Amino acid sequence: MPLTPVRGEPDPEGGDCVACGRCCHHGPRTVHLLVGDEARMGKRLLDLYTELDPKPPTFRFLKNEGERCGGLDVSVPDRYPCAIYEVRPDDCRIVEPGSPACLEARRLGHLGTSVRFQREP
Ligand code: SF4
Ligand code: SF4
């Protein structure tokens, strides 16, 4: 289930993120990894948190736990820290606090469709 919406503007420095976590709630095969992401995470974390799409072109994605990313640490109620924050994929870094995708995620209670996983040239 998506989470409840979050009202108000987020702290642009990310101070609200652990209490929010809305952008880390999304469908499976949403966050995909490129070569640099894989190198940063290393084999142990890749084995734990990612999987290969069996369909060509067999991209690697973060695993889901239901309707949220499997990298989200939900061990404390209403807290949503990322268990792999330092090595999270570039796709995750694109959703910055206060960005359109962030604001949409807060409004919907989960990541919406406005996010474009495109790197700056
Ligand atoms: S939706 Fe915005 S405020 Fe919430 S965790 Fe994601 S980046 Fe942070
Ligand atoms: S890896 Fe971390 S930042 Fe990225 S979607 Fe998963 S929990 Fe969120």
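The values are calculated or read from the model by the stated rules, or taken from the named source; none is laboratory data. Since this is a predicted model, take the numbers as computed values, not measurements. Here the Cβ positions follow ideal geometry from the backbone for every residue, glycine too, while neighbour counts run over all protein chains shown. Note: accessible area is taken over every heavy atom of the protein model, side chains too, but ligands, DNA and RNA are not part of it. Shrake-Rupley method; radii C 1.70, N 1.55, O 1.52, S 1.80 Å.
The set of residues in region 42-66 being within 18 Å of residue 110 (Cβ to Cβ) and loosely packed, with under 14 Cβ neighbours inside 10 Å consists of 65, 66.
Looking at this structure, is residue 76 open to solvent by 60 Å² or more (accessible area, probe 1.4 Å), aliphatic (A, V, I, L, M) and either away from ligand 2 (no atom under 15 Å from the Cβ) or at pLDDT below 95 (or both)? In short, no. Taken together, the residues in region 56-90 that are within 13 Å of ligand 1 (Cβ to nearest atom) and in contact with an Asp or Glu (Cβ under 6 Å, 6 or more places away or on another chain) amount to 1. Could you list, in sequence order, all residues of region 1-41 that are more than 21 Å from residue 117 (Cα to Cα), modelled with pLDDT of 95 or more and open to solvent by less than 80 Å² (accessible area, probe 1.4 Å)? Once the filter is applied, which keeps residues that are more than 21 Å from residue 117 (Cα to Cα), modelled with pLDDT of 95 or more and open to solvent by less than 80 Å² (accessible area, probe 1.4 Å), region 1-41 yields 6, 11, 15, 16, 18, 19.
The sole residue among 107, 93 that is within 15 Å of ligand 1 (Cβ to nearest atom), open to solvent by 70 Å² or more (accessible area, probe 1.4 Å), within 20 Å of residue 11 (Cα to Cα) and within 11 Å of the chain's Cα centre (by Cα) is 93.
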